[in-house]
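**Student:** Got a structure here, written out as structure tokens. Questions coming.
The values are calculated or read from the model by the stated rules, or taken from the named source; none is laboratory data. Because the structure is predicted, anything quoted here is derived from the model rather than measured. Neighbour counts are summed over all protein chains in view; Cβ atoms, including those assigned to glycine, are modelled from backbone coordinates with ideal geometry. Remember, those area values only see protein heavy atoms, side chains included, never the ligands or the DNA or RNA. Shrake-Rupley method; radii C 1.70, N 1.55, O 1.52, S 1.80 Å.
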Amino acid sequence: MSTATLVTPEEYLARERAAEYRSEYWDGEIIARADAAEPHVLIAGNIQAALHSASRGRHCRTYTSAMRVQFDVGRKSVYPDVTVSCGEPRFLDDERDVFLNPTILVEVLSPSTERHDRGKKKDGYRLIPSLREYLFVVQKEPRVELYRREADESWSCTVYQRMEDEVRLESLGCTLAMAEIYQDVLPPAGRGA
């Protein structure tokens with residue numbers, strides 16, 4: 001059990017909007033976000049660029065990690081690496097800096113956050129009614145885990161591990177090439193480091 005002083009969602013949001021550094025909010029606790037290394041930034045940028053391009057003309061919007069996503073009736077606020085919304089975007093208030101209805105979320109896994117991302121965050125994401133798919137992307141090797149909400153509300157997982165693979169995002173009607181995700185991070189297929 002944590003000994004941290006718990007804050008309300010409203011207190012967190014007031015602090016966060018005035019803060020110099022970003023933090024996430026989880027059941028009353030404020031959790032500082034770790035800085036990202038170059039591979040993390042490159043992978044997130046590659047995915048964001050590809051999804052932004054794919055979302056054109058589809059009534060979808062793509063957001064970078066600067067957009068906060070809130071769920072579980074305000075008990076959780078996080079900054080996914082990439083967020084996609086299809087349909088009419090919903091925000092907490094007129095500030096338009098707290099997003100409520102993501103369709104796709106992407107997390108580039110870091111050593112310092114992987115346990116939280118694969119545990120509590122994964123479980124929390126599944127509570128978001130609008131969420132159709134989310135991706136966990138490993139930095140040091142080609143590995144993308146695609147979690148998809150099925151018609152019966154269960155979740156399936158498909159793992160991609162070859163640079164030749166293409167990750168199919170049904171909710172956006174597009175594919176992401178593994179070579180594009182890992183461009184400038186890992187060597188292309190068939191070439192050594």
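**Student:** Helix 9-18 against the longest principal axis of the chain: what's the angle in degrees, Cα atoms only, rounded to the nearest 10?
**Tutor:** The angle comes out at about 70 degrees.
**Student:** Charges only on Cβ, +1 for Lys and Arg, -1 for Asp and Glu: so what's the dipole of the chain about the Cα centre, in debye to the nearest 20?
**Tutor:** The calculation lands at about 240 debye.
**Student:** If you don't mind, there's one more thing I want to ask. Which Cys residues of the chain have no other Cys Cβ less than 4.7 Å away and so no disulfide-compatible partner by this rule?
**Tutor:** Cysteines lacking a close Cβ partner in the chain: Cys157, Cys174.
**Student:** Of Leu42, Met163, Ala19, which is farthest along the charge dipole of the chain in the positive direction, counting Lys and Arg as +1 and Asp and Glu as -1 at C-beta?
**Tutor:** Met163
**Student:** From the alpha carbon gyration tensor of region 16-92, can you work out the equivalent ellipsoid semi-axes (sqrt of 5 times each eigenvalue) and give them in Å, largest to smallest?
**Tutor:** 23, 18, 9
**Student:** Quick check: at a probe of 1.4 Å, how many percent of the accessible area of region 81-193 sits on carbon and sulfur atoms?
**Tutor:** Carbon with sulfur: 44 percent of the solvent-accessible area.
**Student:** A further question on this structure: What do you get for Rg/Rh over region 78-193 if you use C-alpha atoms and the Kirkwood form of Rh?
**Tutor:** Looking at region 78-193, the ratio lands at 0.99.
**Student:** Might you work out the accessible area of Leu6 for me, using a 1.4 Å probe with all protein chains in place, and round it to the nearest 10 Å²?
**Tutor:** Counting only protein heavy atoms, the figure is 110 Å².
**Student:** Further question on the same structure: Is it possible to state the helix-based mean residue ellipticity at 222 nm for the chain, with each DSSP H run of 4+ residues giving -39500 (n - 2.57), the sum divided by total residues, to the nearest 500 deg cm²/dmol? What is it?
**Tutor:** It lands at -5500 deg cm²/dmol.
**Student:** Once the piece of chain linking Ala34 and Glu11 is laid out straight, how much longer is it, given 0.36 nm per residue of separation minus the C-alpha distance between them?
**Tutor:** 6.1 nm
**Student:** Helix 38-55: angle to the longest alpha-carbon principal axis of the chain, degrees 0 to 90, nearest 10?
**Tutor:** Orientation of helix 38-55: about 80 degrees from the principal axis.
**Student:** If each residue of separation counts as 0.36 nm, what is the full-extension length gain between Arg58 and Thr175 once their alpha-carbon separation is subtracted?
**Tutor:** Once the chain is fully extended between Arg58 and Thr175, it gains 40.7 nm.
**Student:** Separate question: For labels at Glu141 and Glu20 in the simple 7 Å Cα→Cβ model, what's the distance in nm?
**Tutor:** 4.0
**Student:** What is the P(r) of region 44-127, as percent of Cα-Cα pairs per 5 Å bin from 0?
**Tutor:** Binned Cα distances yield the sequence 3, 15, 25, 25, 19, 10, 3, 0.
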